[in-house]
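Here the structure comes first, spelled out in structure tokens, and everything after it is commentary.
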Amino acid sequence: MLLFTPGPTPVPESIRVAMGEPTIHHRTPEFEAIFAKTRALLQEMLGMSEVLMLASSGTGAMEACVSSLSAKKALTINSGKFGERFGKIAKALKIPSVEIKNDWNTPVSPAQVMEVLKSDSEIDAFFIQVCESAGGLRHPVEEIAQAIKAYNPNIMVVADAITAMGVEKIETTHIDALIGGSQKAFMLPPGMSIIGLSAKAVEKIEERDVGYYFNLKTEIKNQRKNTTAWTAPTTLIIGLGRYLEMAKERGFERIYEETRARALATQAAMKALGLVIFPKAPAVAMTTVIDEESAEGMRKLLKKEYGVNLAGGQDHLKGKIFRINHMGLIEVYESAWVVNALELALDRLGKRKFDGSANRLFLETYYKELGV
């Protein structure tokens, strides 16, 4: 079975082997050496002054960033389930918030954000997804972050990059917190989140000093010593270290180029089949197709007959979309098989006669994008 859901992603054999070694205690020099190497590689990849690894899903990191970086009022962007979650977290923490809500296929614009900020001086933190995975949407995060910092450098900019970290190069110059998750591009089991932090964010975290388990001040203090405040997700950190070694050897930029090429090639193939890409600004992490009539039938047929597992939609998009993953170290022949299987499934469903054009266009586009 080819697992092509946008998280969890498949765990490569070399990472499984690394995580399968006998468990070691997290309060030992041996583990601290592994932690130090993994931390250094993360800092190199993200280009941020501080990084943290937490034993939690991405939602835990989201909560930690809301509690630590917003003291007065939060501005959140809701273009899907995960943008909605930032608002729910603020409400649960009793932090006042205001929300910009768009359709799930529509990115927020810098003008929308600046209009709200200029009308409400209480807002001290901004929360957004880089990729809103509910619909495969890419927000113009870097452009918005730059505009916010030009207006007021004290407003914290927090970006959920759970389905973007390790997928594409994210310009972090104007971002204060960048959130990642283990089960996406890092090709690990779920259970660990990652936060990259700016120097300004570290200052605010140390000043606020809030929370207990999700107290980021405590974590910064400990992780700078290559340990964790609480029990570390040792196996996941070992696996992350192995992934980052593999990624550095292959080249971070090369991985970004190959992921982008797979995404653009898949989009081109879907359009050639007469299918409609859902978001107005598609993310690199996944290709989302909307087909209200056949999406669910396609997914079932692909899984049963062709060994391909794709993700569907949630809420009002349940049964109306399918999402194809591009995150991680995916071989081009695997993506080509998924595209081929989709065309075969369309033929089986009586939607379009198979002629191999999707696979042909996928490969042509992929190698053209890589300059081959």
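Tell me, please, whether a residue that is more than 30 Å from Gly251 (Cβ to Cβ) and hydrophobic (A, V, I, L, M, F, W, C) can be found in the range 323-340. Looking through the range 323-340, none of the residues is more than 30 Å from Gly251 (Cβ to Cβ) and hydrophobic (A, V, I, L, M, F, W, C). Considering the range 184-270, the qualifying helices (runs of 4 or more DSSP H), each wholly inside and each with 1 or more residues that are touching a Ser or Thr at 6+ places or on another chain (Cβ under 8 Å) and acidic (Asp, Glu), run over 216-223. Every test in (1) closer than 28 Å to Met156 by Cα; (2) among the aliphatic types (A, V, I, L, M); (3) at pLDDT below 95 is passed by Ile24 save one, and that test is (1).
Could you grab the pairs with beta carbons closer than 7 Å, sequence gap of 6+ or different chains, first residue in the range 331-357 and more than 25 Å from Glu258 (Cβ to Cβ) and at pLDDT 95 or above, second one open to solvent by 10 Å² or more (accessible area, probe 1.4 Å) and acidic (Asp, Glu)? Here the result reads Lys353/Asp347; Phe354/Asp347, each pair linking the range 331-357 to a residue that is open to solvent by 10 Å² or more (accessible area, probe 1.4 Å) and acidic (Asp, Glu). Among the residues of the range 326-356, those that are part of a loop (DSSP other than H, G, I, E, B) and either more than 25 Å from the chain's Cα centre (by Cα) or polar (S, T, N, Q) (or both) comprise Leu349, Gly350, Lys351, Arg352, Lys353, Phe354, Asp355, Gly356. Checking the range 318-325 against the condition returns no match, with no residue being closer than 20 Å to Ala272 by Cα, more than 27 Å from the chain's Cα centre (by Cα) and not charged (D, E, K, R). When restricted to residues that are of a type outside the set (D, E, K, R), under 23 Å from Glu292 (Cβ atoms) and without any contact (Cβ under 8 Å) to a residue 24 or more places away in the chain, the range 249-274 contains 1. For the range 146-163, taking the residues that are farther than 29 Å from Thr266 by Cα and among the hydrophobic types (A, V, I, L, M, F, W, C), the one that is most open to solvent (accessible area, probe 1.4 Å) is identified as Ala150. Only a single criterion out of (1) at pLDDT 95 or above; (2) in a loop (DSSP other than H, G, I, E, B); (3) not basic (Lys, Arg) is not satisfied by Glu293, namely (1).
Rundown of residues vs (1) of a type in the set (A, V, I, L, M, F, W, C); (2) in contact with an Asp or Glu (Cβ under 9 Å, 6 or more places away or on another chain); (3) over 18 Å from Gly239 (Cα atoms); (4) surrounded by fewer than 22 Cβ atoms within 10 Å (Cβ to Cβ), yes/no style:
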site: Glu30; (1), (2), (3), (4): no, no, no, yes
site: Gly58; (1), (2), (3), (4): no, yes, no, no
site: Phe86; (1), (2), (3), (4): yes, yes, yes, no
site: Pro110; (1), (2), (3), (4): no, yes, yes, yes
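Residues of the range 254-265 that are closer than 27 Å to Ser57 by Cβ and open to solvent by less than 10 Å² (accessible area, probe 1.4 Å): Ile255, Thr259, Arg262, Ala263.
Among the residues making up the range 1-24, those that are part of a loop (DSSP other than H, G, I, E, B), more than 24 Å from Leu178 (Cα to Cα) and touching a residue at least 40 places away in the same chain (Cβ under 8 Å) are Met1, Phe4, Pro12, Glu21, Thr23, Ile24.
Here the condition is being buried (at least 17 other Cβ atoms within 10 Å of the Cβ) and over 30 Å from Leu342 (Cα atoms); of Gly251, Gly166, Gly191, Gly239, it holds for Gly239 alone. When the range 36-87 is filtered for residues that are over 16 Å from the mean Cα position of the chain (by Cα), among the hydroxyl-bearing types (Ser, Thr, Tyr) and part of a loop (DSSP other than H, G, I, E, B), the ones remaining, listed by number, are Ser49, Ser70. Among the residues of the range 265-308, just one is under 21 Å from the mean Cα position of the chain (by Cα) and either of a type in the set (Asp, Glu) or over 26 Å from Asn102 (Cβ atoms) (or both), namely Ala265. When the range 271-290 is filtered for residues that are over 19 Å from Ala311 (Cβ atoms) and not in a loop (DSSP other than H, G, I, E, B), the ones remaining, listed by number, are Lys271, Ala272.
With respect to the stated conditions, Glu21 fails to be acidic (Asp, Glu) and open to solvent by less than 60 Å² (accessible area, probe 1.4 Å). Does any residue of the range 115-130 turn out to be outside any strand (DSSP E or B), of a type in the set (D, E, K, R) and open to solvent by less than 60 Å² (accessible area, probe 1.4 Å)? Checked against the condition, which is being outside any strand (DSSP E or B), of a type in the set (D, E, K, R) and open to solvent by less than 60 Å² (accessible area, probe 1.4 Å), the range 115-130 yields at least one hit.
Just for the range 293-330: of the residues that are without any contact (Cβ under 8 Å) to a residue 40 or more places away in the chain, touching a strand residue (DSSP E or B) at 6+ places or on another chain (Cβ under 9 Å) and of a type outside the set (Gly, Ala, Ser), which one is surrounded by the most Cβ atoms within 10 Å (Cβ to Cβ)? Out of the qualifying residues, it is Phe322.
The values are calculated or read from the model by the stated rules, or taken from the named source; none is laboratory data. Note that the structure is a prediction, hence the values are computed from the model and not measured. Every residue, glycine as well, gets a Cβ built from its backbone with ideal geometry; the counts of neighbours run over all protein chains shown. The area values use the complete protein model at the heavy-atom level, side chains included, leaving out ligands, DNA and RNA. Shrake-Rupley method; radii C 1.70, N 1.55, O 1.52, S 1.80 Å.
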